[in-house]
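The values are calculated or read from the model by the stated rules, or taken from the named source; none is laboratory data. What you see is a predicted model; the values in this text were computed from it and never measured. Neighbour counts are summed over all protein chains in view; Cβ atoms, including those assigned to glycine, are modelled from backbone coordinates with ideal geometry. For the accessible areas, the whole protein counts, side chains as well, though only heavy atoms, and no ligand, DNA or RNA atoms are used. Shrake-Rupley method; radii C 1.70, N 1.55, O 1.52, S 1.80 Å.
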Amino acid sequence: MIDFFEFQSRTRVLYKSGLVDELGHEAGRLGTRVLIVADEGVARAGLLDRVRAGLGDVAVVGIFAEVPPNSSIAIVERGAAYAREIGADLLVAVGGGSPIDTAKAMRILMTEGGKLHDYEGYNLLERPLVPMIAIPTTAGTGSEVTAWAVIRDEVAHMKLAFSSVFLAPELAILDPEMTRMLPARLTSATGMDALTHAIESFVGTNANPISDSLALQAIDMISNSLRAATHTGDDLEARSQMLIASCIAGIAFSSGGGSLGVVHALAHSVGGAFDVHHGTANAILLPHGMRFNSVAVPNRFSRIARALGVNAGGRAEEDVIADGVEAVRSLAADCLLPMRLRDVGVPGDALPSIAEAALGDAAIFTNPRPINYDEALSLLQSAW
Ligand SMILES: [Fe+2]
């Protein structure tokens, strides 16, 4: 019998192809002076012009388009100071997880002041922040609907996690045309991040019947669409499926206190120490994390395997699970992703410190199987 669960999703979600072109109508209800937060890739792809045009009569008072792939405290501080200086009252974040997380963290400083470090951890915000709209251009982090922001501490070489319902954007605009320009490698890496969210939320200790239904739906959609979205970038149907699936996975893992696991803990730790894309790190670590966790919750992993398209009829559970792990591995391989940590510039002698840092990551606390240092190290070695 279920003891207790909490489910909350605070973000209003709107989906439509070309929706960005009508953005002004929605933005005007949330603010009057917009600061657009983006990265250089978004600016280069011409997407900022489209957002600006879509805002119509709503004034754009500034553009902060210098967010790097792994955003940092210094960037957040610079962005928030700029936002204050120009009197912005609405943030419109355009891009992948980094600009969206940056805007989330910026509005902590814009509303509460102080130092970002003061708000690291769970539920340290007590009131709504400066409003924001998130427009994802990857599919993705799910950051457009999550109550999380992850920001790099460039001094301590760590990733800081912030979690509060008030961090979730007021509005998420899902427009698949905004993801059309995304290069193949980023499409697949971000798609594997979304798959990792769905799988880790389904087996995590905060999983509940509502998040379960979302997670399984997302796994099914991603396993059916990621190859097409990667190899045929213009396939708007595949792009649409991936964008919606990553949003669903975001709601699944973020609702009810958050539920990720060892794969994200290790990926955060890898990304904190080396310049490895978050989705790529997850893609490499996911099959190993699944294998490690499957002994704790085998029934959950056989349901995941079925959602991945594995035929379970009359077969032994462990074979079904093994096929599920293989389905994830071959999905990543088919989508052009590197398969080993050594292939992405992680030196073997860094594994002990990565394992150590991962044990302190917030994501590890909802992993379904307890993990100690030796086990984390051996998981990393198998992925190296
Ligand atoms: Fe992630």
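Residue farthest toward the positive end of the dipole of segment 113-199, with Cβ of Lys/Arg at +1 and Asp/Glu at -1: which of A194, T146, P169?
A194
For the residue pair V61 and L359, what label-to-label distance in nm results when each label sits 7 Å from Cα along the Cα-to-beta-carbon direction?
The two pseudo-label positions are separated by 4.9 nm.
With a Förster radius of 51 Å, plug the Cβ-Cβ distance of M181 and F4 into 1/(1 + (r/R0)^6) and report the FRET value to the nearest 0.05.
Approximately 0.70, to the nearest 0.05.
Suppose a student asked you for the relative contact order of the chain, using Cα pairs under 8 Å spaced at least 6 residues apart; what percent would you report?
Averaging sequence separation for qualifying contacts and normalising by length gives 16 percent for the chain.
Using a 1.4 Å probe, what is the accessible area per residue for segment 79-138, in Å²?
34
Let me check against my output: what whole-number percent is the relative contact order of segment 233-384, with C-alpha pairs under 8 Å and at least 6 apart?
Computed value for segment 233-384: 31 percent relative contact order.
Percent antiparallel among DSSP beta bridges with both residues in the chain, to the nearest 5?
The antiparallel proportion sits near 20 percent.
What is the spin-label model distance, in nm, from K16 to D349 if the labels are put 7 Å beyond Cα along the C-beta direction?
5.8
What do you get for the angle between helix 278-294 and the principal long axis of the chain? Use alpha-carbon atoms, 0 to 90 degrees, nearest ten.
Approximately 30 degrees, to the nearest 10.
In whole angstrom, note down how far apart the Cα centers of segment 138-200 and segment 328-384 are.
Taking the Cα centre of each part, segment 138-200 and segment 328-384 sit 19 Å apart.
If you take the beta carbon distance between R78 and E317 as r and set R0 to 41 Å, what does 1/(1 + (r/R0)^6) give as a FRET efficiency, to the nearest 0.05?
So the FRET efficiency works out to roughly 0.20.
So what J values fall out for segment 137-145 if you push phi through Karplus, 6.51 cos²θ - 1.76 cosθ + 1.60 with θ = phi - 60°, rounded to Hz, Gly and Pro as x?
Whole-Hz 3J(HN,Hα) from phi for segment 137-145: 10, 10, 9, x, 6, x, 4, 5, 10.
For the chain, what is the mean residue ellipticity at 222 nm derived from helices alone (per DSSP H run of n ≥ 4: -39500 (n - 2.57); sum divided by total residues; nearest 500 deg cm²/dmol)?
Result for the chain: -15500 deg cm²/dmol, rounded to the nearest 500.
Under a straight-distance cross-link criterion of Cα-Cα below 21 Å, which lysines are reachable from K159, leaving out those fewer than 8 residues away in the same chain?
K104, K115
Amide H to amide H, which residues 5 or more places from I133 or on other chains are under 5 Å from it, using H placed in the peptide plane?
Those qualifying (amide H under 5 Å, at least 5 residues apart or on another chain) are L91, V92, A93.
Find how many whole Å separate the alpha carbon centroid of segment 224-252 from the alpha carbon centroid of segment 27-66.
24
Could you pull out which residues in segment 352-366 have an amide N less than 19 Å from a spot 7 Å beyond the Cα of R342, following the Cα-Cβ vector?
Only 352-355 fall inside the zone, counting backbone N under 19 Å.
Helix 209-231 sits at what angle to the longest principal axis of the chain, using alpha carbons and giving 0 to 90 degrees rounded to 10?
It is inclined by approximately 80 degrees.
Efficiency by 1/(1 + (r/R0)^6): what FRET value for H25 and L236, r their Cβ-Cβ distance, R0 = 30 Å, to the nearest 0.05?
Computed FRET efficiency for H25 and L236 comes out at 0.85.
Once both labels are modelled 7 Å past Cα along the beta-carbon direction, what's the E154-R44 spacing in nm?
1.9
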